[in-house]
Amino acid sequence: MASRLLWASRAASYLRISVSHRGFASVIKDLKYAESHEWVKVDGNMATVGITDHAQDHLVESVKATSDVYSPVSGNVVEVNEELNNSPGLVNSSPYEKGWIMKVEVKDASELDTLKNSDDYAKFCDEEDAKH
């Protein structure tokens with residue numbers, strides 16, 4: 001499992017940006033969001049994790065950008081998106097579907113309560129953008 005987590009970290013750190021700036025970012029309802037711009041989709045005790053459209057949209061501004069990806073929940077990494085090895089641009093073109101990064105078996109479900117819902121996350125992004 002440690003090697004999978006390392007792979008996920010490396011993959012996230014070296015993603016090549018491959019789409020043009022779209023000028024807006026989408027937020028999907030029914031997901032949970034971290035202030036560090038990762039999303040979590042919960043299914044029972046499994047959580048799929050990826051970076052948000054907002055995050056990838058801002059990374060597009062610099063084609064040489066790298067960014068760490070943090071898991072918003074603790075637990076065991078049970079799967080990584082191997083497709084990103086061949087098509088890292090999926091993180092940009094399909095951040096909420098094909099561009100997911102890892103699946104985690106959630107250790108402490110109460111951590112999910114600290115994450116933002118879609119409305120709160122959208123407001124957080126607007127406030128963050130207003131500062132820049």
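Please treat every number below as a calculation from the coordinates, not as lab data. No experiment lies behind these values; they were computed from the predicted model shown. Glycine also receives a Cβ, built like all others from the backbone with ideal geometry; neighbour counts cover every protein chain displayed.
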Straight-line reach check, Lys116, cutoff 16 Å on alpha carbons, 8 or more apart in-chain or any other chain, hits among aspartates and glutamates -> Asp30, Glu35, Glu38, Asp53, Asp126, Glu127, Glu128
Excluding Ser94 itself, what net charge comes from residues whose Cβ is under 12 Å from its Cβ, given Lys and Arg +1 and Asp and Glu -1? -2
Amide H within-cut-off set for Gly75, under 5 Å, with H built and near neighbours excluded: Lys107
Can you list the lysines whose alpha carbon is less than 20 Å from that of Lys123, not counting same-chain residues fewer than 8 positions off? Lys29, Lys32, Lys41, Lys131
Determine, from the Cβ-Cβ distance of Lys29 and Lys107 and an R0 of 30 Å, the FRET efficiency 1/(1 + (r/R0)^6), rounded to the nearest 0.05. 0.70
For an R0 of 22 angstrom, estimate the FRET efficiency from the Cβ-Cβ distance between Ser94 and Asp43 and round to the nearest 0.05. 0.75
When a footprinting reagent is the concern and you count Cβ atoms within 10 Å, what order do Met102, Met46 take, fewest first? Met46, Met102
